[in-house]
Amino acid sequence: MTLYTIGSYGKTAREFFGLLREHGVTAVADVRLRNRSQLSGFAKAPDLAYFLDALNGCAYIHLPQFAPSAELLDAYREKRFGTDEYEARYLELMERRGEYRGFFDMFPRGARVCLLCAEASPAHCHRRALAELLARANPGLEVVHL
């Protein structure tokens, strides 16, 4: 099984929806805390759900329980700590919430799921940390960043 991740920032709508189509993604799991981001106009809810369905026949689900808390996100953006500490705190939050253990139960069997966040690169993004956490919890899961 493969889990995809994608960031909307810095991509055109053509690139974004094209990558999802190219990889056969059938469900986008939006793990942003705030899904009305202005960074990419096409990625704002509820427009995103419409575009995913109309252009790709793809389902959309907003899962803010997999986003960093507002306090954690704000502290990181204000540079109160670096990337390593941000990731450690995010993973602690995911462990406390514990919902990642049932992540794939939220989707139909065989769904090709893609985690969505705003960040262009997965390098310093919680979607990468979440994908790696899910891979550790689900042996054999391959992670592909689009």
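The values are calculated or read from the model by the stated rules, or taken from the named source; none is laboratory data. Predicted model, so just to flag it, every value in this text is computed and none were measured. Neighbour counts run over all protein chains shown; Cβ positions are idealised from the backbone, glycine included. Ligands, DNA and RNA are excluded from the accessible area calculation, which covers all protein heavy atoms including side chains. Shrake-Rupley method; radii C 1.70, N 1.55, O 1.52, S 1.80 Å.
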Review point. With labels modelled as points extended 7 Å from the Cα through the Cβ direction, what inter-label distance (nm, one decimal) is found for PHE107 paired with SER121?
Key: 2.6
Check your understanding: Using a simple charge model, +1 on the beta-carbon of Lys and Arg, -1 on the beta-carbon of Asp and Glu, nothing else, what dipole does region 7-146 show about its Cα centre, in debye to the nearest 20?
Key -> 200
Practice item. Which order do the peptides 58-71, 115-128 take when ranked by the mean count of other beta-carbon atoms within 10 Å per residue, highest first? Key: 115-128, 58-71
Revision key, fill the gap. Sorting GLY10, PHE103, VAL143 by the position of each Cα along the dipole of the chain (Lys, Arg +1; Asp, Glu -1; all at Cβ), the one nearest the positive end of that ordering is GLY10
Practice item. Mind ranking 134-142, 21-29 by how tightly packed they are, going by the mean number of other C-beta atoms within 10 angstrom, highest first? Key: 21-29, 134-142
Study note, to complete from the structure: Packing-ranked peptide list from 8-15, 85-92, highest mean Cβ count within 10 angstrom first, is 85-92, 8-15
Study note, to complete from the structure: Heavy-atom accessible area of region 46-146 with neighbours in place, 1.4 angstrom probe: carbon+sulfur share in percent works out to 50
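Which value at 222 nm does the chain reach when only helices count, each DSSP H run of 4 or more adding -39,500 (n - 2.57), with the total divided by all residues and rounded to the nearest 500 deg cm²/dmol?
Rounded to the nearest 500, the figure is -10000 deg cm²/dmol.
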Check your understanding: Once the Cα gyration tensor of region 78-146 is diagonalised, what are the square roots of 5 times its eigenvalues, in whole Å and ordered largest first, as equivalent ellipsoid semi-axes?
Key -> 23, 15, 10
Check your understanding: Which distance in Å, rounded to a whole number, links the C-alpha centroids of region 1-66 and region 68-146?
Key -> 16
Review point. What is the spin-label model distance, in nm, from ARG80 to GLU142 if the labels are put 7 Å beyond Cα along the C-beta direction?
Key: 4.1
Review point. With every protein chain left in place, what is the accessible area per residue of the chain in square angstrom, probe 1.4 Å?
Key: 52
